[in-house]
Amino acid sequence: MVSTDPQDTPGTIEEFRQRGGDITPLPWTVDEDGEISRSMGASALETTVILDRDGEVAYKDATSTDYETLERELEEVL
């Protein structure tokens, strides 16, 4: 998981994980310089992009992704 929020820190990511609960233990990072976001075409803060094992975009939206959708889409690529 990559956070594109420029205000995020490892601490805020951990708080988010604890509040929301992890679907599965996935690594997280912060896209500090925006390079990853630009390469994915993510221009909205609520953008969700899921890559498959080959690094190809398997799912993308620019709105808040609900839990059921996120779980379903992640299950398809894991």
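The values are calculated or read from the model by the stated rules, or taken from the named source; none is laboratory data. The structure displayed is predicted, hence computed values, not measured ones. Cβ atoms come from the backbone with ideal geometry, glycine included; neighbour counts cover every protein chain shown.
Listed by first and then second residue, the pairs linking a residue in segment 9-23 that is closer than 21 Å to Glu68 by Cα to a residue that is at pLDDT below 80 and not polar (S, T, N, Q), with Cβ atoms under 6 Å apart and 6 or more places separating them unless they lie on different chains, are Ile13/Trp28.
The residues of segment 6-26 that are exposed (fewer than 14 other Cβ atoms within 10 Å of the Cβ) and at pLDDT 75 or above, listed by number, are Gln7, Thr9, Pro10, Gly11, Thr12, Glu14, Glu15, Gln18, Arg19.
Within segment 43-70, if we keep just the residues that are among the charged types (D, E, K, R) and within 12 Å of the chain's Cα centre (by Cα), the residue that is surrounded by the fewest Cβ atoms within 10 Å (Cβ to Cβ) turns out to be Glu46. For Glu75, the conditions (1) touching a helix residue (DSSP H, G or I) at 6+ places or on another chain (Cβ under 8 Å); (2) modelled with pLDDT of 85 or more are fulfilled apart from (1).
Between a residue in segment 38-55 that is over 14 Å from Ser3 (Cβ atoms) and any residue that is in a loop (DSSP other than H, G, I, E, B), which pairs come within a Cβ distance under 8 Å, given they are 6 or more apart or on different chains? As it stands, the answer is Ser43/Ala62, since those pairs meet every condition given. Within segment 59-78, residues that are in contact (Cβ under 8 Å) with a residue 24 or more places away in the chain and under 16 Å from Pro27 (Cα atoms) reach partners that are acidic (Asp, Glu) and in a loop (DSSP other than H, G, I, E, B) with beta carbons closer than 9 Å, at six or more positions or on different chains, in the pairs Val77/Asp52.
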